[in-house]
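Asker: Dropping a structure here in structure tokens format, bear with me for questions.
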Amino acid sequence: MARKSNGSQASIGVIGGSGLYDIEGLKGVRDVRIRTPFGAPSDAIRVGRLDGVSIAFLSRHGRGHRLNPGEINYRANIYALKSLGVQRVISVSAVGSMKERIEPGHVVIPDQFIDLTKRRASTFFEGGIVAHVAFGEPICSWMAQVLAVAGEGVGATLHRGGTYLCMEGPQFSTKAESRLYRQWGVDVIGMTNMPEAKLAREAELCYATMALATDYDCWHETEEAVTVEAILATLHKNVALAKQMLKAVMPAVADAPACLCHRALDNAIVTAPASITAAVRKKFGILTRRVFGTKKGAR
Ligand SMILES: CSC[C@H]1O[C@H](OP(=O)(O)O)[C@H](O)[C@@H]1O
Ligand SMILES: Nc1ncnc2[nH]cnc12
């Protein structure tokens, strides 16, 4: 069950991407500024209730869209959500379509990722503690299912499953790259879901993405190559749909059953407990408390 709001706590986190800088209809709103051992998140986190369900909303690029995809402190964002009690994260993202059948305006719920990012901190587990979490199924299948049902319920043209390729950016792809990714079978392209999804898994949070197609990137022979102008035009329409989907999905997410995502660190930490210093244990507090607390340390 979702934890009901006790002021600054929420069990569901929403990370709003391009075009989604706020959520309408939140009641009892509080903006919480959080400092984490990994630095500052993209913005203050807005905590409130949507139809009685407590949620924490974070603008990925910051309000006003101040951070490019490579500048986002993904570790701080995920850590900050975890520190508010969040257990499930819904990511909302603008993406380019790599398939003819995925038209701008459609919604994709990806189930796989290809990570081509190059210069981002992509793990919490370094500097004295090593962990290797399983990532063969990077998306929480239960969350993906309820997002799909919510999308279909509000009339979205929705594609269940698909591979999201995450590029470094901030420049868009070359045509050669775009054609290559199509040969790989990629469905959508974006710049932000990696390492976000990896970090969510390390933090034992469920994670699923509502990917809003805004353009056909630059591979398409007859459509114009992607521009920010075209993306923003489609985004304004998409964002209304995203907000409807978020509202529709909340009751189901709030009543979610226990999930394996919440045990991702079971058997993942390889550092011998005796080798983990007190300072490292302190820094990793909320991330490792469950495993160290229940197992008297990892193997
Ligand atoms: C302004 S379009 C390009 C921008 O939009 C996507 O971000 P997000 O996933 O946060 O919606 C894409 O990855 C780029 O960062
Ligand atoms: N074509 C594209 N490439 C990368 N990120 C995007 N976000 C939206 N459209 C995109």
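The values are calculated or read from the model by the stated rules, or taken from the named source; none is laboratory data. Everything numeric here is computed off the predicted structure, so don't read it as measured data. Quick reminder, even Gly has a Cβ in these numbers, built from the backbone with ideal geometry, and neighbours come from all protein chains shown. For the accessible areas, the whole protein counts, side chains as well, though only heavy atoms, and no ligand, DNA or RNA atoms are used. Shrake-Rupley method; radii C 1.70, N 1.55, O 1.52, S 1.80 Å.
Asker: What is the Cα centroid distance between region 130-193 and region 58-80, reported in whole angstrom?
Answerer: If you average the Cα positions of each part, the centres end up 19 Å apart.
Asker: Jot down the per residue volume, in cubic angstrom and as a whole number, of the convex hull over the alpha-carbon atoms of region 36-155. Write down the numbers at each step before the final one.
Answerer: Values: hull volume 19.1 nm³, N = 120.
Here the figure is 159 Å³ per residue.
Asker: So what J values fall out for region 15-30 if you push phi through Karplus, 6.51 cos²θ - 1.76 cosθ + 1.60 with θ = phi - 60°, rounded to Hz, Gly and Pro as x?
Answerer: These are the phi-based 3J(HN,Hα) values: 9, x, x, 3, x, 10, 9, 7, 10, 7, x, 6, 10, x, 5, 9 Hz.
Asker: For the chain, max minus min Cα coordinate along each principal axis, in Å, sorted largest first?
Answerer: 61, 42, 32
Asker: Per 0.36 nm of contour for each residue apart, how much would the distance between ARG263 and GLU137 grow if the chain were fully extended, relative to their Cα-Cα spacing? Before the final figure, lay out each step's value.
Answerer: Values: separation 126, 0.36 × 126 = 45.36 nm, distance 1.39 nm.
Between ARG263 and GLU137, full extension yields 44.0 nm more.
Asker: If we sort 24-35, 77-88, 92-103 on the protection proxy, mean other Cβ atoms within 10 Å, highest first, what's the order? Walk me through the numbers on the way to the answer.
Answerer: Details: 24-35: 12.8, 77-88: 24.8, 92-103: 21.9.
Packing proxy ranking, top to bottom: 77-88, 92-103, 24-35.
Asker: Taking amide H positions as placed in the peptide plane 1.01 Å from N, state which residues far from LEU165 in sequence (5 or more) or on other chains have amide H under 5 Å from it.
Answerer: Counting only residues 5 or more places away or on other chains, the set is ILE114, ASP187, VAL188, ILE189, GLY190.
Asker: A follow-up question, please. Which ³J(HN,Hα) values in Hz, rounded to whole numbers, follow from the phi angles of region 148-163 under the Karplus curve 6.51 cos²θ - 1.76 cosθ + 1.60, where θ = phi - 60° and Gly and Pro get x?
Answerer: 5, 4, 5, x, 5, x, 9, x, 6, 7, 10, 10, 7, x, x, 9
Asker: Still on this structure: Calculate, for region 12-282, the solvent-accessible area per residue in square angstrom, rolling a 1.4 angstrom probe over the heavy atoms of the protein chains. Can you show the working numbers first?
Answerer: Working: 11140 Å² over 271 residues.
Per residue, region 12-282 has 41 Å² of solvent-accessible surface.
Asker: Let me ask something additional. Which whole number of Å³ per residue matches the convex hull of the alpha-carbon atoms in region 216-299?
Answerer: Values: hull volume 18.1 nm³, N = 84.
Convex hull volume per residue, Cα atoms: 216 Å³.
Asker: FRET efficiency for ASP51 and THR227, Cβ-Cβ distance as r, R0 = 45 Å, nearest 0.05? Provide the component values of the computation, followed by the final result.
Answerer: Working: r = 37 Å, r/R0 = 0.82.
My answer for the efficiency is 0.75.
Asker: Which GluC sites (Glu not before Pro) in region 190-278 pass both tests, a DSSP loop state and at most 14 other beta-carbon atoms within 10 Å? If you can, show how the numbers build up before the last one.
Answerer: On the way: sites: GLU196, GLU202, GLU204, GLU221, GLU223, GLU224, GLU229; in loops: GLU204, GLU221, GLU223, GLU224.
Of the GluC sites (Glu not before Pro), the ones in loops of region 190-278 whose Cβ has at most 14 other Cβ atoms within 10 Å are GLU221, GLU224.
Asker: In what sequence, highest mean first, do 181-193, 153-165 appear when ranked by Cβ atoms within 10 angstrom?
Answerer: On the way: 181-193: 21.8, 153-165: 18.8.
Per-residue Cβ counts within 10 Å, averaged per peptide and sorted highest first, yield 181-193, 153-165.
Asker: While we're here: Write down the percent of antiparallel bridges among all DSSP beta bridges whose residues are both part of the chain, to the nearest 5. All intermediate terms of the calculation are to be shown ahead of the outcome.
Answerer: On the way: 15 of 45 bridges.
Given both bridge residues lie in the chain, the antiparallel proportion sits at roughly 35 percent.
Asker: Tally up the carbon and sulfur contribution to the accessible surface of region 12-282 as a whole percent, 1.4 Å probe, everything protein left in place. Intermediate results must be reported in sequence, preceding the final value.
Answerer: Working: 5760 of 11140 Å².
Its accessible area is 52 percent carbon and sulfur atoms.
Asker: Right, another one. Under the rule of at least 5 residues apart or a separate chain, name every residue whose amide H is placed under 5 Å from the amide H of GLN87.
Answerer: Residues meeting the amide H criterion: ILE12, GLY13.
Asker: Now for a different question. Roughly how tilted is helix 228-254, in degrees to the nearest 10 and between 0 and 90, from the longest Cα axis of the chain?
Answerer: 50
Asker: Related question: Full extension from GLU24 to SER122: what is 0.36 nm times the residue separation minus their Cα-Cα distance, to one decimal in nm?
Answerer: Numbers: separation 98, 0.36 × 98 = 35.28 nm, distance 3.12 nm.
Here the answer is 32.2 nm.
Asker: Over region 12-282, what is the mean sequence separation of C-alpha contacts under 8 Å (at least six apart), divided by residue count, expressed as relative contact order in percent? Walk me through the intermediate numbers first.
Answerer: Numbers: 571 pairs, mean separation 68.0, N = 271.
Value for region 12-282: 25 percent.
Asker: Mind listing the long-range amide H neighbours of VAL95? Cut-off is under 5 Å, sequence gap 5 or more, other chains count too, H placed in the peptide plane at 1.01 Å from N.
Answerer: The answer is LEU212, ALA213, THR214.
Asker: Continuing with this model, one more query. For ARG101 and ALA279, what is the calculated FRET efficiency with R₀ set at 35 Å and r taken between the beta-carbons, to the nearest 0.05?
Answerer: On the way: r = 52 Å, r/R0 = 1.48.
Between ARG101 and ALA279 the formula returns 0.10.
Asker: Tabulate in residue order the Karplus-calculated ³J(HN,Hα) for region 39-54, using 6.51 cos²θ - 1.76 cosθ + 1.60 with θ = phi - 60°, rounded to whole Hz; enter x for Gly and Pro.
Answerer: Couplings: x, 9, x, 4, 6, 5, 9, 8, 10, x, 10, 10, 6, x, 9, 7 Hz.
Asker: On C-alpha positions alone, give me the angle between the axis of helix 74-83 and the longest principal axis of the chain, in degrees, nearest 10.
Answerer: So the helix axis and the longest Cα principal axis differ by about 60 degrees.
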